[in-house]
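Enquirer: After the structure tokens below, expect a handful of questions from me.
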Amino acid sequence: PIFTTLLYTIKFEVSMSPRRVLHWVFKIGNRPATMDFLRSTLGMSVLRHEEFKEGCDAACNGPYDGMWSKTMIGYGNEDDNFVLELTYNYGIDKYALGNDFLGLHITDKEVFGRLQGEEEKGVRRVVSPDGYPFLVSDTDAGPAGKITGISLASTDLEKTTAFWCGILGLTAFSTSDSEITLGFDTSQAFVRFVKTDSIEHATAYGRVAFAVPEDELAGAQAAAENAGHKILTPLITLKTEGKADVSVVIFADPDGYEICFVGDPGFKDLSRVDPRGDELLAEAMEGDRSSEWYAKKGKQKGSAR
């Protein structure tokens, strides 16, 4: 079963890479409940919060054009930790779950101790209000921090390895007939793929982001194109008012996973922790009248299609 295949601990010697794994993107429909779950249950902290009046040129919030918000949350800044990006589209309260995302791995004895439910081999599985699985182990955090990695499904481990290692530049740390574990270096969070027969991303599909030296972005895009892979968003510069501009390329892997390469050093400036993050999020949630607006119109907020 999937739950069993996700229970493991992985240890390697540390080596450093100029590329960094940054975050996984979750689309959320119930923002208050999700924030309470991540902060109160899992002990994460808001790192920064931003509101947008229209959709992102790189489809950061999915294929939606309306108002949306982005909240970064985790156990520390993205220079040293893998974190989560939560995108909230004001007109949508539910996303259909696929079978692509298998779990976010967390090592935290304190969090593990206050969770209830099934335990297997020192790991407890808990599900967020939007249905995303989290696997919390009863161990201390290692070099990668408390979030140690993510597990995803793959229909062809050979093709997955060729793309993620050959095109994106990750290293294969362990391989078998049923799974592979990849990463840029062993001081960072891993990306693990588990063999499955078919994948349905549905509307809740996420995205993983990596920081890459800006002068390597064009070459990475060219390598993917020359190998016949799909580029979802060609090299583009995104502007954020009052912050650094950042350049990004969005790839699609052989199974359709979205991968964002974002240029450093621009992202390093953009991703600094904002001490007003909690305050800005609270203001946004207090001012969110989207459900009331739909109710006055005799409608309900929609599910993503």
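Since every read-out is calculated from the coordinates, none of them should be taken as a lab result. Worth saying up front: this structure is predicted, and the values here are computed from it rather than measured. All Cβ positions, even for glycine, are placed from backbone atoms using ideal geometry, and neighbour counts span all protein chains on display.
Enquirer: Calculate the radius of gyration of the Cα atoms of the chain to one decimal place, then report Dmax, the largest Cα-Cα distance, as a whole number, both in Å.
Expert: Answer for the chain, Rg first and Dmax second: 18.6, 59 Å.
Enquirer: I need the semi-axes of the equivalent ellipsoid of segment 71-180: take the C-alpha gyration tensor, multiply each eigenvalue by 5, square-root it, list largest first in whole angstrom.
Expert: They are 24, 20, 16 Å, listed largest first.
Enquirer: Only helical DSSP H runs with n ≥ 4 go in: add -39500 (n - 2.57) per run for the chain, normalise by residue count and round the 222 nm mean residue ellipticity to 500 deg cm²/dmol.
Expert: Numbers: 8 runs with 53 residues, N = 305.
Mean residue ellipticity, 222 nm, calculated: -4000 deg cm²/dmol.
Enquirer: Next question. Show log10 I(q)/I(0) for segment 212-258 at q = 0.15, 0.17, 0.25 Å⁻¹, two decimals, from a solvent-free Debye sum over equal Cα scatterers.
Expert: Log10 of I(q)/I(0), two decimals: -0.42, -0.52, -0.91.
Enquirer: So, counting K/R as plus one and D/E as minus one, what does the shell of residues with Cβ under 12 Å around Glu279 add up to?
Expert: So the environment of Glu279 carries a net charge of -2.
Enquirer: Turning to a different aspect of this structure: What net charge is computed for the residues neighbouring Trp68, neighbours being all others with C-beta under 12 Å from the C-beta of Trp68, Lys and Arg scored +1, Asp and Glu -1? Please list the in-between numbers first.
Expert: Working: positive: Lys27, Arg31, Lys53, Lys70; negative: Glu50, Glu51, Glu54, Asp65, Glu85, Asp288.
Summing Lys and Arg as +1 and Asp and Glu as -1 gives -2.
Enquirer: Continuing with this model, one more query. Set the Förster radius R0 to 35 Å, insert the Cβ-Cβ distance between Asn30 and Ile231 as r into 1/(1 + (r/R0)^6), and round the FRET efficiency to 0.05.
Expert: 0.60
Enquirer: A follow-up question, please. What number, in nm² with one decimal, is the all-direction average of the projected area of the convex hull of the alpha-carbon atoms of segment 111-266?
Expert: On the way: hull surface 45.3 nm².
Value for segment 111-266: 11.3 nm².
Enquirer: Using only alpha carbon pairs under 8 Å that are at least six residues apart, calculate the relative contact order of the chain and give it in whole percent.
Expert: Reported as a whole number, the value is 21 percent.
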